[in-house]
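Notes follow once the structure below has been shown.
The values are calculated or read from the model by the stated rules, or taken from the named source; none is laboratory data. Please read all numbers here as calculations on a predicted model, not as lab measurements. We place every Cβ from the backbone using ideal geometry, glycine too, and count neighbours over all the protein chains shown.
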Amino acid sequence: MAIDLSGLDITIAVSGLKTGDNPQPGVPVIRSIRNAGFKGKIVGLIYDSMESGIYLENFADEIYQMPYPSAGADAFLSRIDYILDRTKIDVIIPTLDAEVILYIRLQDQLKRRGINSFLPSEECFLLRDKTKLATFFPPKGISVPQTALLSDATQIRQLDDDIPFPLMVKGRYYEAFKAHTPEEGVKYFYDIAERWGLPIIFQKMVPGDEYNIVIVGDGKGGMLGMVPQKKLVITDKGKGFGGVVVQNAELDAFAAKIISILKWQGPCELEVMKGFDGVYYLIEINPRFPAWVRLAEGAGQNQPAAVVLKSLGMDVEALGPYKPGTMFIRHAEDIIADISVMGQVSAQSELIRRNEQ
């Protein structure tokens, strides 16, 4: 089902406009929304004046810098009220892991301000936390690699044979590194802890084939859309710069079971390994669209457009079947802008490109 947003006279806000070697999902989310015919206003919400999506012409109509989620609810709502004094916001799509929980907890207050979203419950969100996957899912028939949560680097040498080196060292929100030795494990422990806090996740490596699946859950255990891909090009940070849509009935069933268990509402990305032992393992559940979400649009499912309609409380039929063999390759290009644009964003924490329609 092709979604047409051309008749909507609303304002949509999207966060996460950084592209580059570790891209955020906001730019492709906005492009998918525009490609659904949306002619209304787009508001970009940023955390840094160097987010490259700021400088794209004919893209986001207004830009506003937000306080970091760690600043808390009062600072967040104060900034939202400032923005609302200048423009309405009808729908908001957060695209960064660390901010999603704040949007979930403030849904009612945002709703009273006229701002709608399509997000999971707080309980559901917390169940997919990296620190809980290994205890919540295996009893329900979903395999997860052996995992240890460490709060002290001295515990690294006490890891048993169930998690041998080499292994993966992960932060609760971001970053993952392959540690070949306990010494590397200690290094990555302190590097991640300094940026993202404790605990640090040590996880057994599963040799096999990696898949990523972008999904919009309906909140009742079903899915409005699902598109799985296999990475073709991977950066040194493990980010996919190229991928192809694959069709695999077992993989689809595995993903559907996870969403059914969680009753997830809204966008998410599953990271799955098919081990050489033939077992599918759940590695992570990211609570937002991935940066490769335009592959879903190209394969026949414009999932960001569907989320816009669901945020407004509209009925949306399940999106049509995805087209296997559709691929993407990420293309980096220079954006040319006047330095005054950066100056305005840095000095005023906002950028207005056009007036209210």
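Answer yes or no: is there a residue in segment 175-194 that is of a type in the set (Phe, Trp, Tyr), in contact with a Ser or Thr (Cβ under 9 Å, 6 or more places away or on another chain) and surrounded by 20 or more Cβ atoms within 10 Å (Cβ to Cβ).
Looking through segment 175-194, none of the residues is of a type in the set (Phe, Trp, Tyr), in contact with a Ser or Thr (Cβ under 9 Å, 6 or more places away or on another chain) and surrounded by 20 or more Cβ atoms within 10 Å (Cβ to Cβ).
Applying the selection to segment 14-44, what residues are under 15 Å from the mean Cα position of the chain (by Cα) and not in a helix (DSSP H, G or I)?
The answer is Val14, Ser15, Gly16, Leu17, Lys18, Thr19, Asn22, Pro23, Gln24, Pro25.
Being within 16 Å of Glu271 (Cβ to Cβ) and within 20 Å of the chain's Cα centre (by Cα) is the filter; apply it to segment 195-216 and report the residue that is surrounded by the most Cβ atoms within 10 Å (Cβ to Cβ). Walk me through how you get there before you give the answer.
Step one: of segment 195-216, the residues within 16 Å of Glu271 (Cβ to Cβ) are 201, 203-215.
Still in the list and also within 20 Å of the chain's Cα centre (by Cα): 201, 210-215.
Working: Ile201: 21, Glu210: 16, Tyr211: 22, Asn212: 21, Ile213: 25, Val214: 28, Ile215: 25.
Filtering first and then ranking leaves Val214.
From Phe241, Phe254, grab the single residue that is of a type in the set (A, V, I, L, M, F, W, C), closer than 27 Å to Asp21 by Cβ and either buried (at least 17 other Cβ atoms within 10 Å of the Cβ) or not assigned by TED's automatic domain parsing to the domain that holds Tyr280 (or both). Can you show your working first?
Numbers: Phe254 fails: closer than 27 Å to Asp21 by Cβ.
Of Phe241, Phe254, the one residue that is of a type in the set (A, V, I, L, M, F, W, C), closer than 27 Å to Asp21 by Cβ and either buried (at least 17 other Cβ atoms within 10 Å of the Cβ) or not assigned by TED's automatic domain parsing to the domain that holds Tyr280 (or both) is Phe241.
Select from segment 141-171 the residues that are of a type in the set (D, E, K, R) and surrounded by fewer than 19 Cβ atoms within 10 Å (Cβ to Cβ) and write down the one among them that is farthest from Ile261 (Cα to Cα).
Kept after step one, since they are of a type in the set (D, E, K, R), are these residues of segment 141-171: 152, 157, 160-162, 170.
Applying the additional criterion that residues be surrounded by fewer than 19 Cβ atoms within 10 Å (Cβ to Cβ) yields 152, 157, 160-162.
On the way: Asp152: 33, Arg157: 35, Asp160: 30, Asp161: 30, Asp162: 26 Å.
Result: Arg157.
Looking for whichever is of a type in the set (Gly, Ala, Ser) and either in contact with a helix residue (DSSP H, G or I) (Cβ under 7 Å, 6 or more places away or on another chain) or under 30 Å from Thr147 (Cα atoms) (or both) here; the options are Ser52, Ser121, Ser78. Which one fits? Before you say what the answer is, go through the steps one by one.
Details: Ser52 fails: either in contact with a helix residue (DSSP H, G or I) (Cβ under 7 Å, 6 or more places away or on another chain) or under 30 Å from Thr147 (Cα atoms) (or both); Ser78 fails: either in contact with a helix residue (DSSP H, G or I) (Cβ under 7 Å, 6 or more places away or on another chain) or under 30 Å from Thr147 (Cα atoms) (or both).
Result of the check over Ser52, Ser121, Ser78: Ser121.
Mind listing whichever residues of segment 60-111 are hydroxyl-bearing (Ser, Thr, Tyr) and in contact with a Gly (Cβ under 6 Å, 6 or more places away or on another chain)?
To start, the set of residues in segment 60-111 that are hydroxyl-bearing (Ser, Thr, Tyr) comprises 64, 68, 70, 78, 82, 87, 95, 103.
Hit for segment 60-111 is Thr95, nothing else.
List every residue pair whose Cβ atoms sit under 7 Å apart, with the two residues 6 or more apart in sequence or on different chains, where the first one lies in segment 285-308 and is assigned to a loop (DSSP other than H, G, I, E, B) and the second, anywhere, is hydroxyl-bearing (Ser, Thr, Tyr).
Arg288/Thr95; Phe289/Thr95; Val293/Ser32; Ala299/Tyr322; Ala299/Thr326; Gly300/Tyr322; Gln301/Tyr322; Asn302/Ser32
Give the residue, chosen from Gly278, Gly313, Gly320, that is surrounded by fewer than 17 Cβ atoms within 10 Å (Cβ to Cβ), at positive phi, touching a residue at least 24 places away in the same chain (Cβ under 8 Å) and outside any strand (DSSP E or B). Give the steps one after another, and end with the answer.
Details: Gly278 fails: touching a residue at least 24 places away in the same chain (Cβ under 8 Å); Gly320 fails: at positive phi.
On inspection, the qualifying residue turns out to be Gly313.
Does Asp97 satisfy the condition of being surrounded by fewer than 21 Cβ atoms within 10 Å (Cβ to Cβ), under 29 Å from Met226 (Cβ atoms) and within 15 Å of the chain's Cα centre (by Cα)?
yes
Scan segment 45-65 residue by residue and report those that are in a loop (DSSP other than H, G, I, E, B), buried (at least 20 other Cβ atoms within 10 Å of the Cβ) and either outside the structural domain of Ser346 (by TED's automatic domain parsing) or among the hydrophobic types (A, V, I, L, M, F, W, C) (or both).
Across segment 45-65, the qualifying residue is only Ala60.
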